[in-house]
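The values are calculated or read from the model by the stated rules, or taken from the named source; none is laboratory data. These numbers come from a predicted model, not from an experiment. Cβ sites come from the backbone with ideal geometry, for glycine too, and all protein chains shown count toward neighbours. Surface areas here come from the heavy atoms of the whole protein model, side chains and all, with no ligands, DNA or RNA. Shrake-Rupley method; radii C 1.70, N 1.55, O 1.52, S 1.80 Å.
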There are 2 protein chains.
Amino acid sequence: MISMRSKYGLKALGYMARTTGKDSFLIADIAQAEGIPKKFLEAILLTLKNNGILSSRKGPGGGYSLAKSPAALTIGAIVRSFEGDLAPVQCLSETQQASCPECLDEDTCGIKLVMSDVASAVSAVLDNVTLADMLQKSEFERQKRTQMMDFAI
Amino acid sequence: MISMRSKYGLKALGYMARTTGKDSFLIADIAQAEGIPKKFLEAILLTLKNNGILSSRKGPGGGYSLAKSPAALTIGAIVRSFEGDLAPVQCLSETQQASCPECLDEDTCGIKLVMSDVASAVSAVLDNVTLADMLQKSEFERQKRTQMMDFAI
DNA sequence: TATATGTCTATATTTCATGTAGACTAATCC
DNA sequence: GGATTAGTCTACATGAAATATAGACATATA
């Protein structure tokens, strides 16, 4: 399960990417539009900024902006901002170079060997889907639904 | 991150599968051999039994046994015993037929669409690796290490 | 200087994972 | 059939983490 942070972060970024004609967004506006607790969103956007995904400006006329184009932002990078590396077991984490506390022999640990394949599979998906792709998938579903409704009429 | 339950469960099953010449195992013996808190292991083995992965007999001469051969037990089935279905978001869970509480429009949710691909990728790995495969991978690594040591001498 | 806006620190609350204690049930053996 | 062995069940303790909230602070603009 991914955290609410990740979901809220993705929703906020989706909102910013999909809203054309604006490039700067207030925390309060994003929070209201996406139904995210404002104070919680503050911390989330800050995390995204610290990970190079958003940029910000203080003061009147300020707000948050996407640091890169939606097609240049992978879902992997976004989710990793909140979940750390996506290691299914500690010993596969690259950021915290640590072994699993209970492991008796890490070199030959079968769990590690299998989970390594899982980690690769997850990364293969998330690092090859961008924020733009995600919005496009969503839009495609919306079109499908619209057409079904037209057909029904 | 998978839970300690899953890791302990996999370790216990690995121990049982790899120990030849015995088919019934005492909780206490498994706990000691694999360094797992005994009381905790009790609950874990019970879960595995309730999921059809282990069988048990009470009384003297009793203990736990694998319900199927290691080649017939997938890592997916084992891990799912502890983690539930491996849905990265609630709305993709099949067991608890629930939508994500914060979702505004589940039909077109981009997060759901992307995470569906993640779930498929994870299942593709875990449902195609068996307990026997896991042990074999481990043994292969052990052989590699032995050969490196021979070479060093 | 006043105001708008993001940033930081601290804390409250809840939930969950991990682990422990002890009573209970069932099977075997003598 | 009583003693012993071994799994099963219920309850709880503890600690960590996720989800928020409050309020003070810093900085940019007009």
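What's the center-to-center distance, using Cα atoms, between the stretch B:92-108 and the stretch A:83-108 in Å?
31 Å
With a 1.4 Å probe and all protein chains left in place, how much accessible area per residue does the protein assembly as shown have, in Å²?
Values: 16340 Å² over 306 residues.
Result: 53 Å² per residue.
For the A and B pair, go ahead and give the buried accessible area with a 1.4 Å probe, both sides summed, in Å² to 100. Walk me through the numbers before you get to the answer.
Values: alone 9940 and 9920 Å², together 16340 Å².
It comes to approximately 3500 Å² buried between A and B.
When chain A is modelled as a GNM with alpha-carbon springs shorter than 10 Å, which of A:SER123, A:SER99, A:SER65 fluctuates the most?
Sorting by GNM fluctuation, first place goes to A:SER99.
Could you tell me how many degrees, from 0 to 90 and to the nearest 10, lie between the Cα long axis of helix B:38-50 and the main elongation axis, the longest principal axis, of the Cα atoms of chain B?
Compared with the principal axis, the helix lies near 60 degrees.
Determine the calculated [θ] at 222 nm for chain B from helices alone, applying -39500 (n - 2.57) to every DSSP H run no shorter than 4 residues and normalising by the residue count; nearest 500 deg cm²/dmol.
Details: 6 runs with 84 residues, N = 153.
Value at 222 nm, helices only, nearest 500: -17500 deg cm²/dmol.
In terms of Cα to Cα distance under 26 Å, which lysines are near enough to A:LYS39, apart from those fewer than 8 places away along the same chain?
Result set, ordered by chain and number: A:LYS7, A:LYS11, A:LYS22, A:LYS49, A:LYS58, A:LYS68, B:LYS112.
Quick one: putting +1 on the C-beta of Lys and Arg, -1 on the C-beta of Asp and Glu, what dipole do you get for the protein assembly as shown around its Cα centre, in Debye to the nearest 20?
Details: 34 positive and 34 negative charges, 111 e Å.
That gives a dipole near 540 debye.
Just read off the accessible area of B:LYS22 with the full protein assembly in place, 1.4 Å probe, to the nearest 10 Å².
Surface open to solvent at B:LYS22 totals about 90 Å².
What spacing in nm lies between the two simple spin-label points modelled at A:ALA124 and B:GLU102, each 7 Å away from Cα in the Cβ direction?
My value for the distance between the label points is 3.0 nm.
Provide a list, ordered by number, of residues in the stretch A:1-20 showing at least 40 Å² less accessible area with every protein chain present than when their chain is taken on its own, using a 1.4 Å probe.
Those residues are A:MET1, A:ILE2, A:LYS7, A:LYS11.
What shape does the stretch A:54-153 take by its C-alpha gyration tensor, where a ≥ b ≥ c are the square roots of the eigenvalues and a/c under 1.5 counts as rounded, a/b above b/c as prolate, and the rest as oblate? Walk me through the intermediate numbers first.
Working: a/c = 3.90, a/b = 1.56, b/c = 2.50.
Because a/c hits 1.5 or more and a/b fails to exceed b/c, the stretch A:54-153 counts as oblate.
Please give the helix A:110-126 orientation as an angle from the longest Cα principal axis of chain A, in degrees from 0 to 90, rounded to the nearest 10.
Computed tilt is about 20 degrees.
In degrees, nearest 10, range 0 to 90: what is the angle between the Cα axis of helix B:131-152 and the longest Cα principal axis of chain B?
The helix B:131-152 is inclined about 60 degrees to chain B.
How about the stretch A:81-153: which GluC sites (Glu not before Pro) there are in a DSSP loop, with at most 10 other Cβ atoms within 10 Å of their Cβ?
A:GLU94
Measuring from a point 7 Å out along Cα→Cβ, what nm distances, shortest first, does B:ALA132 have to its partners in the other copies?
Inter-copy label distances (nm, one decimal, shortest first): 4.8.
Treating only the Cα positions of the protein assembly as shown as identical point scatterers, give the base-10 log of I(q)/I(0) from the Debye formula at each q in 0.15 Å⁻¹.
-1.15
Mind telling me which of A:LEU92, A:LEU131, A:LEU104 comes out most flexible in a GNM of chain A, alpha-carbon contacts under 10 Å?
Answer for the Gaussian network model of chain A: A:LEU104.
Accessible area of the stretch B:30-153 with a 1.4 Å probe: how many percent of it is carbon plus sulfur? Don't skip to the answer; put the middle values down first.
Working: 3600 of 6800 Å².
That fraction is 53 percent.
Among B:ALA119, B:GLN96, B:LEU131, whose Cα projects farthest towards the positive end of the dipole of the stretch B:22-145, with charges put on the beta-carbon of Lys, Arg (+1) and Asp, Glu (-1)?
With unit charges placed on the Cβ atoms, the residue in question is B:LEU131.
Specify the residue with the greatest mean-square fluctuation among B:PRO70, B:PRO60, B:PRO88, computed from a Gaussian network of chain B linking alpha-carbon atoms under 10 Å apart.
Result for chain B, Cα springs under 10 Å: B:PRO60 fluctuates most.
Considering protein heavy atoms only and a 1.4 Å probe radius, which residues within the stretch B:97-112 exhibit an accessible-area decrease of no less than 50 Å² in the full assembly relative to the chain by itself?
When all protein chains are present, B:GLU102, B:LEU104, B:THR108, B:ILE111 each give up 50 Å² or more of accessible surface.
Over the alpha-carbon set of the stretch B:1-71, work out the extent along each principal axis and list the three values in angstrom, largest first.
35, 27, 22
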